[in-house]
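What follows is calculated from the coordinates using simple rules that are stated; it is not laboratory data. Quick caveat: nothing in here was measured; it's all calculated off a predicted structure. For neighbour counting, all protein chains shown are included, and Cβ atoms are generated from backbone atoms with ideal geometry for every residue, glycine included.
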Amino acid sequence: MNKIAIAIHGGAGTITRSDMTAELEREYLGGLENSLKAGWEILRKNGSSLDAVEAAVVALENFPLFNAGRGAVFTNEGTNELDASIMNGINLAAGAVAFVKNIVNPISLARLVMEKTEHILLAGDGAEQFARQMNVESANDAYFFTEHRYRQLLEAQAAGKVQLDHAKLTENDQRKTENEIQNSKSKIQNPIGTVGAVACDAFGNLAAATSTGGMTNKKFGRVGDTPVIGAGTYADNRTCAVSCTGHGEFFMKTLAAYDVAARMKYKNLSLGAAANEVIEDLFAIGGEGGLIAVNALGNIALPFNSDGMYRGFVTSDGAMNVEIYR
């Protein structure tokens, strides 16, 4: 039997202790722990890595402080548009959804795309029609409304910016915003918006899953790396499983998730070395973020180039590790 392992992330970005209250930090760590427990319990009972990453991401989608599912950021029109993908390392099967609304757990819909259709990516109205056919749980707009996300939208609109949900406004933008929004300085510090999980089960099978609400104040149906197989999510038993978080356009340019696997396959690098190189190259072109990765030996890598990344992992010794800061 192989060594089981699971890693999760809740986003990377400008995360500093000075901006985090003790109570809020406990909430974040609790959300990470609940996600790890959901996935680990499946692996511990010899369940599949695919089931484990789905369960872990569902827990993160249901937790309103992370930018996915219920905690998704708002678009310029004041709606929540959700993306997700999942991949099975056994056979490279994958499923993804983009630009969907009112779906409680987009990651579960992505899995249905993988298992119940001949396609990989469904988007918009078509994906929602498929969700109705599959009796996937949906909710009205009120379910997805969170006060701190709405405040972020107002700040971004007042500043005339599309922003990652961790981003601080510049001093000039801040002054402009303060003239239009009360208490704008009290906004909650949040990570770049993605959640994800990777896992290795007892049979050496790998899986990865990623879900996001995208960028605050985004327009024109913008879709990032999360639902793009090879950019934000990748899994192959022969190399690794990867889930990325950060400025999606840069991860799309570099095919970051697949690039980790490619460096292992073609350069014969270790998991850690390959993952670190990918993040170093991302930084070289101006990209910010991180990734989590696992191989079929149960080894884990969690590199990032931002100030922090909400992350956690459990390996075969069963010890749970959750961290926020660098």
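Structural remarks
- Residues of segment 106-130 classified as within 22 Å of VAL53 (Cβ to Cβ) and touching a residue at least 60 places away in the same chain (Cβ under 8 Å), total: 7
- The listed residues are ASN276, ASN237, ASN268, and the only one of them that is over 23 Å from ALA110 (Cβ atoms), polar (S, T, N, Q) and in contact (Cβ under 8 Å) with a residue 12 or more places away in the chain turns out to be ASN276.
- Filter result (polar (S, T, N, Q) and either touching a Ser or Thr at 6+ places or on another chain (Cβ under 8 Å) or not in a loop (DSSP other than H, G, I, E, B) (or both)) within segment 300-326: SER306, ASN321
- Pairs with Cβ under 8 Å, 6+ apart, first in segment 1-20 and over 12 Å from TYR325 (Cα atoms) and in contact (Cβ under 8 Å) with a residue 60 or more places away in the chain, second outside any helix (DSSP H, G or I) and of a type in the set (Asp, Glu): ASN2/ASP201; ILE4/ASP201
- Of everything in segment 104-151 that is among the β-branched types (Val, Ile, Thr) and not in a helix (DSSP H, G or I), the residue that is farthest from THR226 (Cα to Cα) is THR146.
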